[in-house]
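The next block holds one structure in the form of structure tokens; read it before the comments.
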Amino acid sequence: MPSFDIVSEVDKQEIKNAVEQTNKEVSTRFDFKGSDARVEQQEYALTIFADDQFKLEQVMEILRGKLIKRNVDIKCLETGNPEKVSGNKIKCLVTVKTGVESELAKKIVKLIKDSKLKVQASIQGETVRVTGAKRDILQETIALIRQKISEFPLQFQNFRD
């Protein structure tokens, strides 16, 4: 039976490269001279350090630009609240969301069932598997999901006939 998986994945190496490029640009820019602005990465958690709120926003903009150039969808970034570290320095935690969360997976399954297309959707951990009788119906399902769900980056993998 033809099927495909709906997933949300981000390439960790691309994130690492974007973080390194951001740190390199921050170290060479004149407006950050003498500043302790930088980005640190641990798996899918990024910590941005800066001297003040303005510089924090500047580092965030540089990071977003580098991620976009590396084809990482910035809709998967979840920015926390800035917090003071010591003196007037601040830091901000940015989490890279991966996997289809259970709430979104339920929304996708409900959307597919309400569409009256002849496919079955099942939640399997952090993926949603969609199976159907014909390839055309599966392609219609992909088009429907792309049209209705735009707040979170989704990829469609393992398309099998």
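The values are calculated or read from the model by the stated rules, or taken from the named source; none is laboratory data. Bear in mind the structure is a predicted one, so any value in this text is a computation, not a measurement. Here the Cβ is made from the backbone with ideal geometry for all residues, glycine too, and neighbour counts use every protein chain on show.
Every condition in (1) free of Cβ contacts under 8 Å to residues at least 60 places away in the same chain; (2) outside any loop (DSSP other than H, G, I, E, B) holds for L117 except the one numbered (2). Just give me the residues in segment 48-74 being more than 23 Å from G87 (Cβ to Cβ), in a loop (DSSP other than H, G, I, E, B) and either of a type in the set (D, E) or outside the structural domain of V85 (by TED's automatic domain parsing) (or both), in sequence order. Correct list: D73 only. Give me a count of the residues in segment 123-161 that are more than 26 Å from D11 (Cβ to Cβ) and either outside any loop (DSSP other than H, G, I, E, B) or not hydrophobic (A, V, I, L, M, F, W, C) (or both). Total satisfying the criteria: 9.
What's the total number of residues in segment 1-51 that are within 20 Å of Q155 (Cβ to Cβ) and among the acidic types (D, E)?
Adding up the residues that qualify gives 5.
The residue that is nearest to P153 (Cα to Cα), among those in segment 102-123 that are surrounded by 13 or more Cβ atoms within 10 Å (Cβ to Cβ) and not aliphatic (A, V, I, L, M), is K107. The single condition among (1) surrounded by 12 or more Cβ atoms within 10 Å (Cβ to Cβ); (2) assigned by TED's automatic domain parsing to the domain that holds E25 that G87 does not satisfy is (1).
Evaluation of E78 against the conditions (1) in contact with a helix residue (DSSP H, G or I) (Cβ under 8 Å, 6 or more places away or on another chain); (2) part of a strand (DSSP E or B); (3) surrounded by fewer than 18 Cβ atoms within 10 Å (Cβ to Cβ) shows that the sole unmet condition is (1).
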